[in-house]
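> Take a look at this one; I'll ask things after.
The values are calculated or read from the model by the stated rules, or taken from the named source; none is laboratory data. Remember, it's a predicted structure, so these values are computed and weren't measured experimentally. Positions of Cβ are generated from backbone atoms using ideal geometry, with glycine treated the same way; all protein chains shown enter the neighbour counts. For accessibility, only protein heavy atoms count, side chains too; no ligands or nucleic acids. Shrake-Rupley method; radii C 1.70, N 1.55, O 1.52, S 1.80 Å.
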Amino acid sequence: MATLSEKPGQRFTLPDWHTNSHLISADAERQCSTSHRVRQEARALRNETNNQTKWDEHDNQTRLAERISSVNRWKEILDKCLTDIDAEINALANVKEAAERALQAKNLALDVAVDCLTLRESRRAVDVVRDPVEEELHKEVKVIEKAKKELQQRVSEAFEQLCLLREACQQLNCDHRHKMEALEIDNACLSLNVNCPNISFKVNPTRVPDGTTALDEWEQSNQHNKEHAEAEMKSAAELRETTLLTIAQTNNELEAQRVATEFAFRKRIRDLERAYDELKWQEQNTLEEIGEMEKDIRCLEEDLRRKTQNLQVAHTRLETRMYRPGRELCRDQVQYGLTDEVHQLEQTIRVLEQKLAESQDALDALYRQLHRIQTDIGYKAVSLGLDKKCMDTRRKLVVSTDKFTPEVDTFNWTVTHELSPRKNGQLEL
């Protein structure tokens, strides 16, 4: 009779089977819970890191833009300084040339005075006296030598100042070139993004390069270059004024022997020229003020238009909020704020309209004053032309063989001396 064989091996009890099933289920739930927690933490971390990355990139974009704006502002300052210093160099060089021409003219005047003294040494007997003519000639020689010394000093000072100005200009050019390169680099950095093909990892990008300066030192260096250039330009301007004044003074001293009537005419011409210059200056100032006033009126009109638009926005917001349903129609802080904004804008518009009317009245008054100034300039020009014509007529009454005929440019404070035709003839004789 056949028998059932038993399979060898360990057999578990039914409780063990139930326990194992519970353990597997509990482990599965625990692993799912752990996985859920990890997923949530990963999502939170992703959101946090994405926000942090975006804000960091935005902040650095803003910093780059501000840095570009700062460097560009200094570049514009340097542009203006370079323009001013170039103009000052040209102006000082022109004044130096004018001083050299005046110095050359004094050499000719000195030669004429010495020739006169030498010729008077040929007098004989009792005529060899120290008369007023000889005293005036010696005095003229001293005045000319003093003028030559002063002009030579001004020429030397102008040469030294030109060297200093060119040195400052070279320093500004170097600084300007560096800022242009820095702007190009920062603009390139500002344009970079994750889609650019030229981005890559770099070796130790956070290192501090040699020669790096602090921001305060950079500002101080820029300010120092600017102040140094301005100081040199100020010194050059003062030197130009002093040189022009010296030229004018020396020429005036050499012209001091003019007759009283001619002196009165010259004084009158100078007064008319000063008055003419003053009127031209007032005309220029009035024109500039008219331009500024017209620009301000346009700005006032633009501000008034914008304030009107802002008032329309506030009105629209208030009107729209009146249609909130039920208890949502409450006087909240927004309602109070919009009401205050409407009142403030209405007051602002009234003030702007009043100021616009005042500006228009002031502009009309400026145009009337400009008409008066231009009319008076025409009168002064006619008077000046008549007085100069009188001076040309009075030259027929004066026979001078030991004087130069100066041509005075009152507007530029430069004096050019030429020999009169009669003097040229005597020298040739």
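> For the stretch 301-319, enumerate the residues that are within 15 Å of Q347 (Cα to Cα) and open to solvent by less than 50 Å² (accessible area, probe 1.4 Å).
Result: L304, L311, A314.
> Could you go through the stretch 78-88 and let me know if any residue there is assigned to a helix (DSSP H, G or I), modelled with pLDDT of 85 or more and among the small types (G, A, S).
Looking through the stretch 78-88, at least one residue is assigned to a helix (DSSP H, G or I), modelled with pLDDT of 85 or more and among the small types (G, A, S).
> Any residue in the stretch 229-242 that is open to solvent by 80 Å² or more (accessible area, probe 1.4 Å), part of a helix (DSSP H, G or I), at pLDDT 80 or above and aliphatic (A, V, I, L, M)?
no
> Out of I89, I24, report the one residue that is open to solvent by 80 Å² or more (accessible area, probe 1.4 Å) and hydrophobic (A, V, I, L, M, F, W, C).
It is I24.
> Now a separate question. So which residues in the stretch 50-105 are among the polar types (S, T, N, Q) and farther than 30 Å from A147 by Cα?
Passing the criteria: N50, N51, Q52, T53, N60, Q61, T62, S69, S70, N72, T83.
> Please enumerate the residues belonging to the stretch 216-228 that are under 20 Å from D84 (Cα atoms) and either surrounded by fewer than 16 Cβ atoms within 10 Å (Cβ to Cβ) or β-branched (V, I, T) (or both).
Those that are under 20 Å from D84 (Cα atoms) and either surrounded by fewer than 16 Cβ atoms within 10 Å (Cβ to Cβ) or β-branched (V, I, T) (or both): S221, Q223, H224, E227.
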